[in-house]
Amino acid sequence: MTRPLVLVVEDDAVMRRVLTVALRSNGYDVKTAATGQAALHEVESHTPDVVLLDLGLPDIDGFAVTAGIRRAHELPIIVLSARDEEQQQIRALDDGANDYVTKPFREGELMARIRAALRRPVAVSERRDIRCGDLHLDVTQRRLFVRDVSVALTTTEFKLLHLLAQEPDRVVTHQRLLKAVWGTGYTHELQYLRVYMRQLRQKIEEDPSRPRRLLTALGVGYRLVPVSYAK
């Protein structure tokens, strides 16, 4: 069974080591980051199951890290901080943290908080494997399999397909796709979508001229239909 992955974001080297030892002895895999930017990179690279986040980081603070994670992920964030002021706790929770543990803390209490965070349902967007008919997306490795055959996708193609696969058989609007993949300044660039959807159909459809998986909702957006072709 895969061990849950915990990302420890802590600039103090001694505390990083203490947390790493404690987590591994309690059955977790561990990644670490000493800065906010490194933390955001680790989240995108490894999609941890839980983030333990110190607020006082040397580059960007923990509030900015929380906001950065929340732009694309719903994974649990537990703040670990020596700041015990009520307003700091409220701000952290309002910004998207799931829990707040004040330093110094007891190991048993922290492990209980992590177990509680892991018991919550996993959002579709955080699943490491998504299946839609006979399409299989390995989100961790950013790989696509069509009827168990690996199909090479560009980074942009994978992002678009991943967004559609999170809500199978539901229309995802042009604006939402453009904003998520290219940014807020590109919400009217429909030609971008047309080009990439045509490329995706070439790769995932039996007959790209008559798509059955990736359908157009005229004037609105696109939807990915769960289809399983007979082998």
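The values are calculated or read from the model by the stated rules, or taken from the named source; none is laboratory data. All values derive from a computational prediction rather than experimental measurement. Cβ atoms come from the backbone with ideal geometry, glycine included; neighbour counts cover every protein chain shown. Heads up: the accessible areas ignore ligands, DNA and RNA and are worked out on the full protein's heavy atoms, side chains in. Shrake-Rupley method; radii C 1.70, N 1.55, O 1.52, S 1.80 Å.
Helix-only estimate, please: 222 nm mean residue ellipticity of the chain, summing -39500 (n - 2.57) across DSSP H runs of length 4 or more and dividing by its residues, to the nearest 500.
-11500 deg cm²/dmol
Each Cα pair under 8 Å and six or more residues apart adds its sequence gap; the mean of these over the residue count of the stretch 66-122 is a relative contact order of 38 percent.
Tally Lys and Arg at +1 and Asp and Glu at -1 over the other residues with C-beta under 13 Å from the C-beta of R71: what net charge comes out? Cβ neighbours under 13 Å give a net charge of -1.
In the chain, what is the count of Lys pairs whose alpha carbons are under 22 Å apart, counting only pairs at least 8 residues apart or on separate chains? Working shown, then result.
Values: K31/K103; K159/K179; K159/K203; K203/K231.
Lysine pairs meeting both conditions in the chain amount to 4.
Extension gain for V151-Y186 works out to 9.8 nm (0.36 nm per residue, less the C-alpha to C-alpha distance). In the chain, the ratio of gyration radius to Kirkwood radius, Rg to Rh, stands at 1.04 when only Cα atoms are counted. For the chain, the dipole from Cβ point charges (+1 on Lys and Arg, -1 on Asp and Glu) about the Cα centre works out to 1060 debye, to the nearest 20.
Across the stretch 9-25, rounded Karplus estimates of 3J(HN,Hα) from the backbone phi angles (6.51 cos²θ - 1.76 cosθ + 1.60, θ = phi - 60°) give 10, 7, 7, 7, 4, 5, 5, 4, 5, 4, 5, 4, 4, 4, 5, 5, 6 Hz, Gly and Pro being marked x. Label zone (R131, point 7 Å along Cα-to-C-beta; backbone nitrogen cut-off 12 Å) within the stretch 145-168: 147-148. According to the calculation over all Cα-Cα pairs in the stretch 143-218, the P(r) per 10 Å bin from zero is 17, 56, 24, 2 %.
Note on the chain: antiparallel DSSP beta bridges, both residues inside, total approximately 50 percent of the bridges counted. With all protein chains in place and a 1.4 Å probe, the accessible surface of the chain carries 48 percent carbon and sulfur.
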